[in-house]
Every structure is written in structure tokens, then in C-alpha cells.
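S.K.: What follows is a structure written as C-alpha cells; I'll ask about it next.
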Amino acid sequence: MLTFIKQKLLYKKWLNICLLIGIIILTAVAACLPMYQNLAENQAFQNLMKEYINEEERYPSVITLSNAFAVEEGKNAYKAATEQMNKCDEILDDDLHIKPKERIKLFTIREQKVNPLQNAGNSMGANNYRLSVLSDFQNHIKLAAGCMFDDTASVKKGTPEEGVISFDQDTKYTCVVSAALLEESGFYIGQTLEFENMICQDNAPLRVTITGVFEEKESEDTYWVNPPLAYTRHLFVSEAMMSEILDDVSGEREIAYKNHNLYDYENMYAKELQRFYRTLKHYTSSGFENGAIEWETDFFDLLDAYMENARKIKATLWILELPMLVLILVFIYMISSQILELEGNEIAVLKSRGVSIKQIVWLYFVQSSLLAGIGVLIGLPMGYGLCRLFGQSDAFLEFVNRADLTVKITASTMVYCIAAAVFAVAFMTLPLLHIAREDIVSKKSKRGKSDVSLWERYYIDVILLAVSGYAYYSFQKQRGEIASKVLNGDGLDPFLFLGATLFMLSLGMLVLRVFRLLVKLIYIIGKKKWSPAMYASFLQILRTKGKQGFISLFLIVTLSMGIFYSNIARTINQNEEDRALYNLGTDIVLKEEWIKMAATRSIAKDKQEVSFYYVEPSTNLFSEVREVSESATKVLQRNVGMKGAKDLTKNGRLMAIHTKEFGSVAWMRDGTLDKHWYHYLNDLADASQNVLVSSNAKTDFGLKIGDSIKYFPSLEEKNTRDTLGTVTGTICGFVDAWPGFSGYQTVTDEKGVRKQEPVYLIVANYGFIESTNGTQPCEIWAKTGGKNQDIFDITSRDEIHLEYSNNANTELILAKQTSIIQITNGMLTMSFLVVLVLCMIGFLIYWIISIRQRELLFGIYRAMGMSMREIIGMLVNEQVFCSLLAIICGVISGIVTSRVFISLIVIAYAPESHCLPYILYSSPKDMVRMGIVVTFILGSCIFILAKMLSKMKVAQVIKLGED
Amino acid sequence: MEDFLNVMIETRGVVRSFPVGDGEELVVLKGIDMMIPAGKLTILKGRSGSGKTTLLNILSALDNPTSGLVYMEEREIGQMPEKEKEWIRRKEMGYVFQAVALIPVMKAYENVEFELRLSGYEGNMEERAKECLELVGLKDRMNHMPGELSGGEQQRVAIARAIAHKPKVIFADEPTGALDTNTGLGVIHLFKNLVEKEGVTIVMTTHDTNLMELGDVVYEMEDGQVIG
């Protein structure tokens, strides 16, 4: 059978190669999905960890177990604690299946009152201290002064007055402490401390001498979960000494330990994280060792955030890739239907000779499985490659070099890949069930029956369009809810994407139906006048709708998907770029540290009034920045209180500007306001006390143009030292958006729900404020014209002290680094390219097959005296009215779907309300790319067909037809 | 002179060979000299592989002889430019093939009408198409698609199409090959009828000895040569 299959495959090698390409793409995309998901999740996790480290300056993945208990006299307390700690270690290791990279164990005796023996007057009074042991202590510290607790012999003896450290020779026990302890307590090296309530065997209180001060050996040593400076109550002794002390001191002893387990987060992946999450969740609900041992970690909250992120990533990936996978399956179905149709005669003959359907299905099943097997073998490494490639996509169809990508082939990769292969086999064998039921008689009798596709007959396009239209309508109604869900961590409803895909498909079909009617109309109008070639080709188009319908639909869907994907990606990226620039206002915003000065003046005989004023730093920064950049200006930004006529006071944001300069420095998207924003700048410049107010204040304060509005330091920030007084402005306009003003802030209410609140803005003339209230601390805004580096060079000079420095590029990079945006770009790029490849192969194959099938017919046309030119003309006409029509339908459907659905889909990426609305961007570059591919496809198609036809020998073809 | 006028097609030393690889040639027609009289039913008979279809293709301007001349009413058509050949095929020739070669996307009527369009028929196309279909007895089924007709019916539509534009010659390659004996006989009678009523010249090939006697002229072929 295998030889038979081999011959069968080779006989139609081109078709089978196309089929194989389809399977390879399917398995590769399927294998790529889990790998890409892992990659994105890992990236999201690592970003989260880095963020935590930056904010908290602590190692993020630490689980701390602690316990405190009393140990009876005579029992070895240190041993008891160690045993308990070791047991905890075992439990933790068992639960997490992973060993920590470091275990830091702190053992302490409960705080006891301590009296310093010498120079008691210097110390800041009696205090409570604890004797502690930290595991592996000596390997992580260095001495800042003095000597180690076990090394007193090496220190010169003498008195403090002689400049050397002296020790009380009677002291048995020694310890080292942190510099913070010395500073807080006033103790010094060499001092002996007496523990009032700890009585040794000799009936004397326990005495411990401080021999040295330690600090961390290396900065950024993860060992220091709590930095040395945090140990302000701990006297560190050696392990041996601790045992000795515990033996020496009589009575019951209360001891405590803390066991910090540090896990290497850099090498944690989805599987480990899931286990961590489950385990920690379990600890949260039922405690560690049923609550016997206390535990704490920040890692759980981080994991919670990660899980939320991972869910979003998974949802986004599936949402983006599901239509893609379906499309590839449809492609496979299409090609295998073509093959089966060509082999239909053979199947019918086999059946007539008594071969059972079962046997035929088995034959094709083995054949398909063979192809699918080869598909998996090639698809798996290709998926790996795709994942690496698209992991490096920075924006749509743009790649950067990221060397540190860890792409791993895991068990789930294999499962996805094989599942895809199984689906492929199913889709390859599926059309057979239909064909295998026919025998040669029913096959012949079927010929020439009317050929109308199901969707056309049952108006499925109209029904689907109505369904997806309804979906759009209901989603549009819930817009606010969707946004708030996304804002609170939920992914986008997958049905939204499904709705968009359905809409795209049904709209394409509907447009096709309408266009077909047009073709029919064109045919009928010219029926009498058409040349024979046109007449024949119109009949061909109109009477083989079913077969052509499929390729037309395929073309429509691929093209509209391509356009839709490109538009989503461009819209997200371009809007993110816009917002990054808009939120900052311009390319770079700097603020120097301004110095506040006080001046006094007498207001009465014994009374002086102190007033404050700011002095601009004398660094010349502004003029230097202005020199290197395209343009620069000073902008005053601060929070203020606002009060309108209604006596309503609310907080808002003040921006005081130099109108002319501001116009040339700040960035604003054209068309955002009802008129060009320069008009507003002009209005503002008309009178010095003029102000522009954000539109949201118009209704809330009940304001109108010409009203006056007061602004002053906000109540929360107000203090007597403020340099700004109350200023009254005249409203000259209302603006919906303004450079640097987002219009909303995200707040979390008492239930922990994140929501958005509007912020008010007031824009005033800086000159006016300066003349009435004196110089105010300003930001420097610069439009760099690409010379960011020059500005950095200036600001990195020693004498320049910046309060902050923001630049739009960095903001943009941060915005684009979010895993959701990255995977969206990666996946959309992949989908777009896959769509183009499928479109190309699908189209060429369809036409080549269609010509092959019609060779006899062309032979007849030629025999009847039609010229080659007429026949090629016929084909061109067919291409125009089938392919070109489908292309136009696809483009229309893609554009309309983009216009309708993208505004909803982008909620997933930008749920926040914002003054700068998300607008639809489409890239002419992408359209040109698609145009080139489509032209290439059509061109090469016609070329190949013409070539095939010109080689055709009429006499031979007719003869072949007879055989 | 009268003899010459009655000849529709004449061949002189027609040789047709095909390359079979290794520079060798397979000679299928080995110098054929024959005359096809006008207004008669000429039958080319012979076993399969005797070269009759190759000869028919050359006579009908579908194929070119390797050497030799083919005259159709004084015009040498063997080496004629393709364009002129197309014109002759379109205007002056009609074809009936062994496998039914109707255009599957056209109804019976449209198949006939299409031939009329192609030849630039100047009369009333609709009337002529119906007339031809009536002649082959299929006027009632003119709105059926080819797939809805039986083999014999389809062949009759093909004949109606072949005669529609009133060609000078109709070529038929094994027109009865795919039909049962009775239907085959019916087709031949139809041909006879056409020759008698419309004065068309018909050249057909067959290997069916029962049909031979119905031909006005019969050429027997064997191994690329006319033997009788």
C-alpha cells in the first residue's frame, strides 16, 4: 500500500507539496503558540520582578518562615530550632519541587533588657537587644571596624584612649553589630553589655562584648534580604557561641527564628510559577503546617499579578491566532478537496470494482497521516524558528535583535503540534466522506447540475452579518464595562474577536453576492454584443459559482484579515506613540532643582514677615538646551485649586506657558480639537490674564467663555511657604485635549476597584503669573529634532542637578515593552505573513487546477477556431471578474471591519479614558506590500496559465480528452 | 475540370512523424495521397494505431503535416499561418469528437448558438440554432445542460453544433465510438441525411465495419498508408 501511496503522492506532486506546505504552516503555528506564550509570560514575569526590585530594592522571590517558642531548661534550644527549620525546609522543598538558591536562617533569643557596662552615660539608655545567629554570616560580611567575634586575640590590647580597642578580659562572649546599631544605641566597639534577666551558671548576668562592626561584603548580595542597616537590635554571635550561651543561661528561654528562602526567579518558568502559585495559595488559606509556622512573602502578590498577566497573554494569543488556525485548516481542506476531486474518477472506479468505502477512507487516512507526520517533523523546528523570529518583532513587520530569548520546546509544544496534525488529517479526510459515497454512475449524473454554494442559497452571509452586527451593537453598548473589566485585569471577550471575524467573512460574502449580481447584469446587458470569448467566459463565471465561490471567499478572508491585522497593529502602535509623545507634551521635559529663598521684611515694630521666592539655578541649562534643540520653552506645571462662579472648588492642573514658544515645541495631533490648536494659543495670547480651561470643567463648573476663574495652590499642598497666590483668569476657550494633559487619572476605590476620574486643566500665560507672583519653578520642554544625545550630554554635567528628566522615546519604549503589545505585534506580523503565503499558494493552485481541468475545453475552443489570444482574453476576463472582484471585496470588507471593530478591540490595549482618542491608523506601506504580493500573484498566475496554454497542442489535448 | 471542382480536400504525399526521443522519429503517416469528394460522406477506416485520427487532424487543419501538401479548395492548408487556419476552422469546418465535447457551462441551445457566434453567422442565430436542434431531434431539450442529456443526445447536440454555421466540411472522429450500436447507426443516418439535404461534405473515422457500407467513399488505412 505504501508504494501505491508514494506513487499517488508523486503523481500529483505539486498539489501534494502545497498540501504539505499548508500542514507545515499549521503545525508550525500551533507549535509556536505555546512556545510564544511561554516566552511572553516569562518576559512579563521578569519585567514584573525587575519592577519590584527597582521599586522596593529587595529580592522579590523570597518566602520567609518564622516561629517563636519557649524551650525548657536543659533542652538544647538551638538544636530544637534548627530541627524545626530543617523540617520546614523539607516541607517547602516537597511542596515546591524546587530548592532555593539560598537559605538564610536567623536564630535569635528573645529581646532582653541590656545595660552597657562602661561609659553608660554615652549610651542612649537601656534598651532591649537580642542575641542572634545568621547562617553563613561570615561569608557575606566584611568588617568596617574592630574584629570578628572569634578573633579577639588578633586585636592589640590597650585602652580606648590609646586609640586601640580594649576588651574586658573577663568577657566570655563576644559579638559583632551593624553600624546602625552603634549609631542608634551609642555603644562602641569594646563595650560590654550585660543582659539583666539572663543569669549564667555562675549566677552572674550574661555579658557580651562588642568586638566589631560589620557591613555587607558585596553590594547587591541577595543574601541580605534585610540589609545590615536593618539590624538595629541584633548582636551577632557565632553558632558555637550561641550553643554555649544557651547551655550557660539558666531558666526557660524564648527563642525565635526566621528562615528566608530565596528562589532564583531568573530561571523560573510557567510550570514552576504555577506550582509556586498553587502552593502559596494553599498556605494562604490553610497556613504553613496548618498555621503552626508563620510565613510571609511578597512573592504571592507578584505571582497573582503575573497570573493575571498570563491569563491576558493567553487570551490575547488565542484571540489573535484562532482565526489564523481556522484559515490554515480551511486552506488544507481546499487543497485536499481539489486533489480528491481530481482523483474522483479513480475513487469512483475503485468503488465500482467493489472496494469498500472503509478501505478507501483507510487508504486516504494513511496517506494524510504520512503527510501530517512529515508536517510535524518540519513544522516543529519551524515553529521554534518562528517563535524566535516573532519574539524579536518590535513593531508590526519590524524586528530587533534580542539575543536573550529563551525559547523552549516543551511537552505542550509537542501536544499542540500533534493536535494540529490530527486536525489536519481530519480536514484532509473530511471531503473524502462526501466523495467516497459517489460511484461512477452518480458521479456522471451529477455533472452539469447547477452549482450554487450553500451560503448563497440559504443567505448565510446575511444571517451571519446580522449576528455579527448584533454582537457589535451589544459590545458597543457595554463599552464602558469592557473597559473597566480590562482596567481591572480581565482579558478581552474572545467573542468580540470572533464577532469581528464573522463580520469580515459575512460582509465579504455579501459584497461578493452583490458584485455577482452586477456581473450578471453586465452579462445580460451585453448578451447580444459580447464577443464569443467574453460570452463563454461570462457563462463560465456565472455557472461555476460554487467552485469559484470557495476560492473567492478564501481570497476575501485572507485579504480582509491581512488588512484588518495590519490596521490593528498600526493603530495600536501609532496611538501608543502618539500618546507617549502627547502625555509628555514634547520630546524631552526636564526640571532642575530650584532653590527656595526666604526674605524678611518688617511689617511692624517687632514683627517681621517672611516671604519666599524661587531663584532659577544659575546653570544656564535652558539656553544651552535651546541652542542644541530645534526649539525649547519653559513651562510651569503644578497642581492648583480652581474656583468658578458657582463657588465650587476643585483640584486641577495648572500649566503656564509662553504661547509662541509653546506652539513650536509642544506636540499635538492634528484634528484632535475642533479647530487648529494654534487658534487657542492665539486666543490665550490676546490678553495676559486669559486662560484656557479643559472642556470637562465647562459643565462641572458651569462655565462659559468670558467668565472669570480663580486658581491657587491646592488645599492639600497649600502651605505658608508657597510662592503662588490666588490668581484670577478670564476664560477665553475650552479645550478637549492639550499637550501633556491626559484628562483622567486612575484611582482605586475603597473596594479595590480601579476606575478613572476626570482631571481639570487650566492653561495660563506664564508671563502673567510671573509678573503677579514672581518667578516660579519651571520645566524645560524641548523639541529635540533627534538631538537627544546632545541634551543628555549637557544634563549629565556635574553642576546640573535635575529633579526629573523625562523623554518621550523612553516612555514609548516602556509602553511598547508591555508583553501584550509585544505579543500582539509578533502574532499579527506572523498572521499577516502567513495570510500572504496562503493567499499566494491557494490562488495559484486553484487556477492551475482549474485550467488543467479545462484543458479539453480549451482544446475544443481552439478546434472550433478560437485563437490563443481569445482564450487568454477569456482567462483575463475570468480573473477580472472572479479574482479581482474577490480582491476588491476583501479590501472593502477589511477596511469596513477595521473601521467598525478596531475601536472596540483596542480597548484591550488602552482601556484608560484619555483626551487623545484612539484613532484608526492604517499604513500605506502595508497596503503597498499587500498590493505587490497580490499583483505578483495575479501576474504570475496569468503568466503561468498563458505558458501552460501556449504549450497545449490542440490535437493532442482533444485526444487526451478522449482517453 | 469537373473532377477537380468536386474535390473538397486533396493530399499529396502527406507524411507525419513524431519524435520519440534519442533523435528517432516515429512515422505515423507514410505519404498519403487521397481526395475527399465534396458533398459526400467519406469514411476512413482502419484498426487503431493505423493513423486515421492523425490523418483526420491534418485534414481538419488541427495539425500540420511533417511534409507533403494538403489542399482545401485550392488553398494549401498544411503550412498555412495559424491565423488563417483558425479562420478556416471557424468558418468552414465543423467538428464532432469521439468523446462528447460540448461546453459544460452552456445549455444545448447555447452550445449551438456559440458556434454561430464564433463563425460570425450573419443570419438569425436563434432561428438557425433551433432549426439545427430540430434537425437532430432535440428541440424539446434545448434548455438542458449537457450533464442532463444522455450520451447519444449529447452527440446529437454536437452534430447540431457542427452543422450550425453551415461549414463546408464536417470532421467526425469516431463519432459513434462511445455509443451503442443503435444510437451509433442513428448518428450515421443523420450524417447521410445531412449530406443529402444540405450538401455538406463529411469526413469521419471509424473502426466499426458495420457502418462502412453507408459511406459514399471509404478509405482503408493500415500502418500509415491508404490501402484501399
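S.K.: Find all pairs meeting these conditions: Cβ atoms under 6 angstrom apart; at least six residues apart or on different chains; first residue within segment A:594-610 and under 30 Å from residue A:622 (Cβ atoms) and without any contact (Cβ under 8 Å) to a residue 60 or more places away in the chain; second residue open to solvent by 80 Å² or more (accessible area, probe 1.4 Å) and assigned to a strand (DSSP E or B).
M.R.: A:597/A:613; A:600/A:608; A:610/A:600
S.K.: Still on this structure, please answer the following. Got a sec? Which of A:16, A:54, A:47 is within 16 Å of the chain's Cα centre (by Cα) and either in a helix (DSSP H, G or I) or surrounded by 16 or more Cβ atoms within 10 Å (Cβ to Cβ) (or both)?
M.R.: A:47
S.K.: Please tell me if residue A:673 is within 22 Å of residue A:916 (Cβ to Cβ), out of contact with any Leu (no Cβ under 6 Å at 6 or more places or on another chain) and free of Cβ contacts under 8 Å to residues at least 40 places away in the same chain. Walk me through it before giving the result.
M.R.: Values: within 22 Å of residue A:916 (Cβ to Cβ): yes; out of contact with any Leu (no Cβ under 6 Å at 6 or more places or on another chain): yes; free of Cβ contacts under 8 Å to residues at least 40 places away in the same chain: no.
No.
S.K.: Just need a number here: residues in segment B:70-88 that are basic (Lys, Arg) and more than 9 Å from chain A (Cβ to nearest Cβ).
M.R.: Qualifying residue count for the region: 1.
S.K.: Being touching a helix residue (DSSP H, G or I) at 6+ places or on another chain (Cβ under 8 Å) and open to solvent by 10 Å² or more (accessible area, probe 1.4 Å) is the filter here; which residues of segment A:581-602 pass it?
M.R.: If the condition is that a residue be touching a helix residue (DSSP H, G or I) at 6+ places or on another chain (Cβ under 8 Å) and open to solvent by 10 Å² or more (accessible area, probe 1.4 Å), then A:581, A:583, A:584, A:587, A:592 are the ones that fit.
S.K.: Shifting gears a bit: Which numbered condition trips up residue A:915, out of (1) crowded, with 16+ Cβ neighbours inside 10 Å; (2) free of Cβ contacts under 8 Å to residues at least 12 places away in the same chain; (3) hydrophobic (A, V, I, L, M, F, W, C)?
M.R.: Condition (2) is where residue A:915 drops out.
S.K.: Further question on the same structure: Could you tell me whether any residue of segment A:822-837 is within 14 Å of chain B (Cβ to nearest Cβ) and either in a loop (DSSP other than H, G, I, E, B) or not aromatic (Phe, Trp, Tyr) (or both)?
M.R.: From segment A:822-837, those within 14 Å of chain B (Cβ to nearest Cβ) are none; that's our starting set.
No, segment A:822-837 has no match at all.
S.K.: Would you pick out the residues in segment A:930-947 that are open to solvent by 40 Å² or more (accessible area, probe 1.4 Å) and in contact (Cβ under 8 Å) with a residue 24 or more places away in the chain?
M.R.: Those that are open to solvent by 40 Å² or more (accessible area, probe 1.4 Å) and in contact (Cβ under 8 Å) with a residue 24 or more places away in the chain: A:936, A:942, A:944.
S.K.: Still on this structure, I have one more. Would you say residue B:193 is away from chain A (no Cβ under 12 Å), in a helix (DSSP H, G or I) and at pLDDT below 85?
M.R.: For residue B:193, the condition - away from chain A (no Cβ under 12 Å), in a helix (DSSP H, G or I) and at pLDDT below 85 - is not met.
S.K.: Would you please name the residue that is nearest to the other protein chains (Cβ to nearest Cβ), looking only at residues in segment B:89-135 that are out of contact with any strand residue (DSSP E or B) (no Cβ under 7 Å at 6 or more places or on another chain) and β-branched (Val, Ile, Thr)?
M.R.: B:105
S.K.: Something else about it: Which residue, of A:528, A:545, is within 14 Å of chain B (Cβ to nearest Cβ), under 28 Å from residue A:866 (Cβ atoms) and surrounded by fewer than 17 Cβ atoms within 10 Å (Cβ to Cβ)? Walk me through how you get there before you give the answer.
M.R.: Working: A:545 fails: surrounded by fewer than 17 Cβ atoms within 10 Å (Cβ to Cβ).
Being within 14 Å of chain B (Cβ to nearest Cβ), under 28 Å from residue A:866 (Cβ atoms) and surrounded by fewer than 17 Cβ atoms within 10 Å (Cβ to Cβ) holds for just one of A:528, A:545, which is A:528.
S.K.: Within segment A:563-572, identify whether any single residue is more than 22 Å from the chain's Cα centre (by Cα), open to solvent by less than 40 Å² (accessible area, probe 1.4 Å) and closer than 26 Å to residue A:317 by Cβ, and answer yes or no.
M.R.: Checking segment A:563-572: at least one residue is more than 22 Å from the chain's Cα centre (by Cα), open to solvent by less than 40 Å² (accessible area, probe 1.4 Å) and closer than 26 Å to residue A:317 by Cβ.
S.K.: Mind checking which pairs have a first residue in segment A:528-547 that is in a loop (DSSP other than H, G, I, E, B) and a second that is of a type outside the set (Lys, Arg), Cβ under 6 Å, 6 or more apart or different chains?
M.R.: Once the first residue is in a loop (DSSP other than H, G, I, E, B) and sits in segment A:528-547, its partners that are of a type outside the set (Lys, Arg) give A:544/A:451.
S.K.: Which of the residues belonging to segment A:846-897 are within 14 Å of another protein chain (Cβ to nearest Cβ), part of a helix (DSSP H, G or I) and without any contact (Cβ under 8 Å) to a residue 40 or more places away in the chain?
M.R.: A:857, A:869
S.K.: Are any of the residues in segment A:915-930 in contact with a helix residue (DSSP H, G or I) (Cβ under 6 Å, 6 or more places away or on another chain), under 30 Å from residue A:538 (Cβ atoms) and not aromatic (Phe, Trp, Tyr)?
M.R.: Yes, segment A:915-930 has at least one match.
S.K.: If you don't mind, another one. When you go through (1) open to solvent by 10 Å² or more (accessible area, probe 1.4 Å); (2) more than 25 Å from residue B:116 (Cβ to Cβ) one by one for residue B:150, which number turns out not to apply?
M.R.: (2)
S.K.: Determine which single condition residue B:165 fails, assuming it passes every other condition in (1) within 13 Å of another protein chain (Cβ to nearest Cβ); (2) free of Cβ contacts under 8 Å to residues at least 40 places away in the same chain.
M.R.: (2)
S.K.: Another question, if that's okay. Being in a strand (DSSP E or B) and of a type in the set (A, V, I, L, M) is the filter; apply it to segment A:720-746 and report the residue that is surrounded by the fewest Cβ atoms within 10 Å (Cβ to Cβ).
M.R.: Across segment A:720-746, the extreme among qualifying residues is A:727.
The values are calculated or read from the model by the stated rules, or taken from the named source; none is laboratory data. Since the structure is predicted, the reported quantities are computational estimates derived from the model, not experimental observations. Positions of Cβ are backbone-derived with ideal geometry, glycine not excepted, and every protein chain shown enters the neighbour counts. Note: accessible area is taken over every heavy atom of the protein model, side chains too, but ligands, DNA and RNA are not part of it. Shrake-Rupley method; radii C 1.70, N 1.55, O 1.52, S 1.80 Å.
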